[in-house]
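Report on the structure given below.
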2 protein chains.
Amino acid sequence: MTVNRQWLLARRPTDKAVREDFEYRESEIPDASNLAPGHVLIRNQLFLHAPTMRNWMDPASNSFYPTVGIGNPMLATSAGVIVKSNNPRFAEGQRVTAITAWEDYTILNADVWPVRPVADELSLVEAQGPVGMNALTAYMGVVHVGRPKPGDLAVVSGAAGSTGSIAGQILKILGCRTIGIAGSQDKCDRLVSELGFDVAINYKTQDVEKTLREIAPEGVNFFFDNVGGDMLQAVVENIAKFATIVLCGQIAGYNDGVPVPGPRNMMRLIYGSVRAEGFLLGDFEEQIPEGTRQILEWIRAGKMVHREDVRSGFDSLPDTFSDLFTGSNDGTLMVVTDEEARTRP
Amino acid sequence: MTVNRQWLLARRPTDKAVREDFEYRESEIPDASNLAPGHVLIRNQLFLHAPTMRNWMDPASNSFYPTVGIGNPMLATSAGVIVKSNNPRFAEGQRVTAITAWEDYTILNADVWPVRPVADELSLVEAQGPVGMNALTAYMGVVHVGRPKPGDLAVVSGAAGSTGSIAGQILKILGCRTIGIAGSQDKCDRLVSELGFDVAINYKTQDVEKTLREIAPEGVNFFFDNVGGDMLQAVVENIAKFATIVLCGQIAGYNDGVPVPGPRNMMRLIYGSVRAEGFLLGDFEEQIPEGTRQILEWIRAGKMVHREDVRSGFDSLPDTFSDLFTGSNDGTLMVVTDEEARTRP
């Protein structure tokens, strides 16, 4: 490749992100002849689409990462290979996952931005799939933030999604009874048949608050929330004494630029002695090797399944990203821009 | 006494509780000749007024305790003496704090309802004052729920109140910098001069969110919230990474029958990796001796002050209760109906 293909943010979306929010550009490969200390040049080979990227497009979201400026390359969760390094932790040829941008080549300071080595036994698709950002987020949220007890009645919202499907399976492995909430009958069927949830609730056809009251009259002990808003409200109305709510995401609000409010009745959290706790994967940098090892072990033992939806082609990045918000992906959504990303080295 | 004076709930208040919401009645002293197992007859000598009692009057509050029925005696936090007992843990003559009712005599099951012995070295006023329900609530919320770190910037809402004033002093003892929020200049002056807060904010004349941003640009690490609503919102907008919010009360909503909603932007809690946790004093029954001992030690060492506002007379119960919501009390508000309650045995 002699050019650096890029997708720039052309305007701020007001609803779901669409193709027209981005602009294609070909620029020069960044000059890495004189890298500053700590910096690396990465050749991106795979891009993972995560709902939280929508927040990176909107200053009102108070995103943890800086908002993408208009005319700048879209920030992205990616995987690729180090082409040049002035960082002692990364050698040339080292494969990594990182937060880079929708472009072929990125220079960044690997001491500041998250760049993590990929183990030799994994393809880049595997590194961003079963042990990728979403799966590790589920692991940290359940195991280290929520710490459920065996026998807990656990609810997962966005349960068919990339993070929720892993969270639900981990909860099951840890001995919880699991209820998954998803937005179609197909997804609900899969929650039970493939992902081992005990019960699935279709929020598009069922009243979540009422259904929970019927099937879990003793209350919900553990809630892993990817959605927020009405889902959080419905579960809070059914929360058990001493329950835990893991605040993982608020996808309900990612597309309308309006922050998602908390539950309507905070007294529920007081009377229930409920703990609600937010987190980011980055809080658990030290636990990532443990989480990676544990998830791979569960998958190899047949206790966990992971489904990827891997597409191809740099051109398709904006269109595939919007698929994330229409729910037309089937598993963790990735775009491979170098077919090498699919295979182990 | 040959009659059992009572204040019954006459109607459900729609705003602040007033005298007309209650009805005075004289009935017979309850027959304790054949007490069921576990039950005791208590002669009430002192009533503590706590904001949460407003929730006991309103079914919409989802109160932890059952809502008081119309025509029933008003539920109350009290202190008194065991007159008759069919409970091996309580002898006749034992002084206790309890949740009883606005009446001279109460029969209850002491194995189900909270009844706690009062140590010999304390008057009943002291038992419901410096080491009473409100003070112990502050202790459990700070020490066992919140667990602040020395150096934390800690904010307390309702800081001049019975619980908030103790919470602020404990936070200071534990090495935090403390900011108190209260509703008058007098109260704010006292927060600093008497209770040792580093800074006080008057929410009636100052914009809490903006003021916090100016005086605490590094963010709030610890929030002890008695108020909820706008106060919670203002602090959440200034919350620091890895902060803790102790959900102690939501007095903002106790008078209007409308539940107080959570913060408007839950993503703040996610990006901030914030823990928000509710609790009730009753969760920490086992830690009450420790809390009592510790608070008395701090008071004796001159590290903590406690202010009581002790009134007299059974007749005054409804009027003094409404003083709680106009802020015209000066310290923990109690009504003594037997002057014995003021002295040690």
Quiz item: When you go through B:ASP283, B:ASP186 one by one, which is the residue that is out of contact with any helix residue (DSSP H, G or I) (no Cβ under 7 Å at 6 or more places or on another chain), of a type in the set (Asp, Glu) and farther than 23 Å from B:PRO59 by Cα?
Solution: B:ASP186
Exercise. Output yes when any residue across the stretch B:216-227 is part of a loop (DSSP other than H, G, I, E, B), crowded, with 24+ Cβ neighbours inside 10 Å and facing another protein chain (nearest Cβ under 9 Å), and no when none is.
Key: no
Self-check item: Filtered residues of the stretch A:124-163 (kept if at pLDDT below 95, under 15 Å from A:THR178 (Cβ atoms) and not aliphatic (A, V, I, L, M))
Solution: A:GLY158, A:GLY161, A:THR163
Quiz prompt | For A:ASN55: the one exception among (1) part of a helix (DSSP H, G or I); (2) more than 14 Å from chain B (Cβ to nearest Cβ) | solution = (2)
Quiz prompt | Qualifying position, being more than 13 Å from chain B (Cβ to nearest Cβ) and under 25 Å from A:PHE325 (Cα atoms), among A:GLN294, A:GLN206, A:GLN250, A:GLN233 | solution = A:GLN206
Quiz item: So which of B:ILE201, B:ILE173, B:ILE166 is hydrophobic (A, V, I, L, M, F, W, C) and surrounded by fewer than 21 Cβ atoms within 10 Å (Cβ to Cβ)?
Solution: B:ILE173
Practice problem: Would you check which residues across the stretch B:100-114 are at pLDDT below 95 and in contact with a Leu (Cβ under 8 Å, 6 or more places away or on another chain) and list them? | Solution: none
Quiz item: Which one of these does B:THR178 not meet: (1) touching a strand residue (DSSP E or B) at 6+ places or on another chain (Cβ under 6 Å); (2) crowded, with 19+ Cβ neighbours inside 10 Å; (3) assigned to a helix (DSSP H, G or I)?
Solution: (3)
Quiz item: Of all residues in the stretch B:23-52, which are among the hydrophobic types (A, V, I, L, M, F, W, C), out of contact with any helix residue (DSSP H, G or I) (no Cβ under 8 Å at 6 or more places or on another chain) and not in a strand (DSSP E or B)?
Solution: B:ILE29, B:ALA32, B:LEU35, B:ALA36
Exercise. Quick one: count up the residues across the stretch B:38-59 that are under 14 Å from B:PRO114 (Cα atoms) and of a type in the set (A, V, I, L, M).
Key: 3
Quiz item: Scanning the stretch B:257-288 for residues that are of a type in the set (Asp, Glu) and more than 7 Å from every other protein chain (Cβ to nearest Cβ), which turns out farthest from the chain's Cα centre (by Cα)?
Solution: B:GLU286
Quiz prompt | Which listed residue is under 30 Å from B:VAL235 (Cα atoms) and small (Gly, Ala, Ser), from B:GLY272, B:GLY302, B:GLY313 | solution = B:GLY272
Exercise. Please specify each residue of the stretch A:328-341 satisfying the condition of being out of contact with any strand residue (DSSP E or B) (no Cβ under 6 Å at 6 or more places or on another chain) and under 14 Å from A:GLU308 (Cα atoms).
Key: A:SER328
Self-check item: Filtered residues of the stretch A:54-85 (kept if surrounded by fewer than 19 Cβ atoms within 10 Å (Cβ to Cβ), among the polar types (S, T, N, Q) and within 18 Å of the chain's Cα centre (by Cα))
Solution: A:ASN62, A:THR67
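The values are calculated or read from the model by the stated rules, or taken from the named source; none is laboratory data. None of these values were measured; they are calculated from a predicted model. Methodologically, a virtual Cβ is constructed for each residue, glycine included, from the backbone with ideal geometry; neighbour enumeration extends over all protein chains shown.
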